[in-house]
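This report refers to the structure that appears directly beneath it.
The values are calculated or read from the model by the stated rules, or taken from the named source; none is laboratory data. Source: prediction; values computed, not measured. Glycine also receives a Cβ, built like all others from the backbone with ideal geometry; neighbour counts cover every protein chain displayed. Each accessible area value is taken on the protein alone, full model and side chains, heavy atoms only, with ligands, DNA and RNA left out. Shrake-Rupley method; radii C 1.70, N 1.55, O 1.52, S 1.80 Å.
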Amino acid sequence: MIKIDSQTDKRLIVKGTLNNKDAYMLIDTGATAGLIDKAIVKKYGLLINKNHTVNLVGAGGKFTAYTCNTPFVIGGKQIYQF
């Protein structure tokens, strides 16, 4: 078991590493997948497995989403969610 400290009392935002670089991630236990901005994909050198065209329900638009294979690491535990 690991202890996770949130960076805020409003949302569960935790510090970890992404591709061996310090990073912060919002933990959303109700999400089936995490979304990440293309600039972050480039900044952390994430491996992109596949591009998807996605309709954003309620936002009235389409965007390109990327499936990434790089885990976010918290307390030595790897999380593959995005």
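Annotation: of all residues in segment 35-59 being under 21 Å from Val14 (Cβ atoms), among the hydrophobic types (A, V, I, L, M, F, W, C) and at pLDDT below 75, the one that is most open to solvent (accessible area, probe 1.4 Å) is Leu35. Checked against (1) open to solvent by 90 Å² or more (accessible area, probe 1.4 Å); (2) modelled with pLDDT of 70 or more, Thr32 passes all but a single condition, namely (2). For first residues located in segment 60-82 and open to solvent by 30 Å² or more (accessible area, probe 1.4 Å) and of a type in the set (D, E, K, R), partners that are at pLDDT 75 or above and assigned to a loop (DSSP other than H, G, I, E, B) and lie 6+ apart or on another chain with Cβ distances below 9 Å form the pairs Lys77/Pro71.
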